[in-house]
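What follows is a short report on a single structure.
The values are calculated or read from the model by the stated rules, or taken from the named source; none is laboratory data. Values in this document were obtained by computation on a predicted structure and should not be read as measured data. Note: ideal-geometry Cβ built from the backbone for every residue, glycine included; neighbour counts use all protein chains shown.
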Amino acid sequence: MPWLAVPFADSDTRERLHDHFGSFTEYYPALLVIYDDAAIGRVVNEEGRRAVAKYGVNGYPFTVKRYYELEAAAKKEQSLRSLLVSPSRDYLISNDGSKVAVSDLEGKIVAFYFWFNIPDKDGGPDKLTRVLAEIYRKLKEAGELRGSAGAIR
């Protein structure tokens, strides 16, 4: 490893770090970014791993402030095209199976619903899925949706 490490046999230091920072077992591997501010050891980013994984060396000095500066810059350049088009595809699939060009969605309201199939306690779709389905039905009845993709006018 090219970085410094606490020797594994130094259980006193490991225990002191655990007492100071808590357990990160659910977040392993964890990366805390610490600035030695007057020998206090102030944590400047508890999620350094995310900053490093997403921005690499550009994330330096890996502070929360730097992370959000990079996030804001990335969002300025963001568009439906940058999010949804890949070298092999420039369309989405509608609920009837037809292809909808991403360019047809530009200038429209688009919602992304990230979902996985875990039924609620009664065995049906989760509550948010039911609420979204009802909103979709009402908007369609009111004539606010057009096309098979359900694009909002």
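See the values below:
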{"quantity": "Qualifying residue in segment 98-105 (condition: basic (K, R), within 30 Å of F21 (Cα to Cα) and either modelled with pLDDT of 80 or more or surrounded by 11 or more Cβ atoms within 10 Å (Cβ to Cβ) (or both))", "calculated": "no"}
{"quantity": "Count of residues meeting criterion [over 21 Å from V64 (Cβ atoms) and modelled with pLDDT of 70 or more] in segment 4-42", "calculated": "15"}
{"quantity": "Single condition V52 does not satisfy, out of (1) surrounded by 12 or more Cβ atoms within 10 Å (Cβ to Cβ); (2) at pLDDT below 85", "calculated": "(2)"}
